[in-house]
Amino acid sequence: MGTWSEDNFSNDDAGDWIWDLEKSKGLDTLLAPIQLVIAEEDYLEGPICSEALAASEIIAASVSGDYSRIPEEAKNWLSKKQGLIFGSKPKIKALHAKQALEAVKKITANSELQELWEENGENKAWRAVQNSLMTKLENA
C-alpha cells in the first residue's frame with residue numbers, strides 16, 4: 001500500500017480513484033466503492049476501502065460545505081455540470097451520507113486497511129481521521 005499519511009487521499013488507491021472520478025459524470029463513480037463496501041459480506045480488501053473512504057470524504061465535504069479536506073480534483077468535480085448540454089452539479093443527498101457512514105463504520109471495524117494501520121502502529125492517527133469523518137457524516 002503506497003501511503004504517505006493517515007489522510008484519506010494520501011494513498012495510491014485513492015489517488016487513482018480520484019482521477020477516475022474527475023473524468024466521470026453523475027454519481028456512479030462516487031457511490032460505487034461505498035456500495036461495494038456495504039454489500040461485501042467477506043473480508044474487505046484495502047484498495048476498495050481506500051476508495052470508499054475517499055468517496056466518503058467527498059460526500060462529507062459536499063453536505064457540510066467544508067471543502068478543506070478534499071483535493072482540487074474533487075472540488076472541480078463537485079463544481080462542474082454533469083450533463084451533456086444543460087447538466088447540473090452533482091446532487092449529493094443525506095441518504096448518500098448515511099451510506100457513506102455505514103461504509104466507514106464497516107471499514108474501521110474490520111478490514112485489511114484497518115489491520116494495516118494497526119500493524120504499522122499508526123492506528124491512533126488514522127482512527128482520529130475516521131472519527132472526524134464519521135462525525136461529519138452523522139451531522140449531515
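The values are calculated or read from the model by the stated rules, or taken from the named source; none is laboratory data. Quick caveat: nothing in here was measured; it's all calculated off a predicted structure. Cβ placement follows ideal geometry from the backbone for every residue including glycine, while neighbour counts extend to all protein chains displayed. Only protein heavy atoms, including side chains, enter the accessible area calculation; ligands, DNA and RNA are left aside. Shrake-Rupley method; radii C 1.70, N 1.55, O 1.52, S 1.80 Å.
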Open item on the list: Given (1) in contact with a helix residue (DSSP H, G or I) (Cβ under 6 Å, 6 or more places away or on another chain); (2) in a helix (DSSP H, G or I); (3) within 16 Å of residue 11 (Cβ to Cβ); (4) open to solvent by less than 20 Å² (accessible area, probe 1.4 Å), identify the lone condition not met by residue 48.
Closed with: (4)
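Within segment 57-78, does at least one residue satisfy the condition of being under 20 Å from residue 111 (Cα atoms), at pLDDT 95 or above and in a helix (DSSP H, G or I)?
yes
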Open item on the list: So, in segment 10-20, exactly how many residues are of a type in the set (A, V, I, L, M, F, W, C) and open to solvent by 30 Å² or more (accessible area, probe 1.4 Å)?
Closed with: 1
Task: Search result, residues across segment 86-103 that are closer than 20 Å to residue 47 by Cα and free of Cβ contacts under 8 Å to residues at least 60 places away in the same chain - done: 101
TODO: Would you confirm whether any residue within segment 21-42 is open to solvent by less than 50 Å² (accessible area, probe 1.4 Å) and either acidic (Asp, Glu) or farther than 24 Å from residue 95 by Cα (or both)?
DONE: no
Task: From the options 133, 95, 101, 137, residue that is open to solvent by 60 Å² or more (accessible area, probe 1.4 Å), closer than 26 Å to residue 26 by Cβ and out of contact with any Phe, Trp or Tyr (no Cβ under 9 Å at 6 or more places or on another chain) - done: 95
Open item on the list: Go through (1) surrounded by 14 or more Cβ atoms within 10 Å (Cβ to Cβ); (2) over 16 Å from residue 9 (Cβ atoms); (3) of a type in the set (A, V, I, L, M) for residue 78 and report which single condition fails.
Closed with: (2)
Task: Boolean, residue 128 is modelled with pLDDT of 95 or more, closer than 13 Å to residue 8 by Cβ, hydrophobic (A, V, I, L, M, F, W, C) and open to solvent by 10 Å² or more (accessible area, probe 1.4 Å) - done: yes
Task: Residue list for segment 104-116, restricted to those being in contact (Cβ under 8 Å) with a residue 24 or more places away in the chain, open to solvent by 70 Å² or more (accessible area, probe 1.4 Å) and more than 15 Å from the chain's Cα centre (by Cα) - done: 110
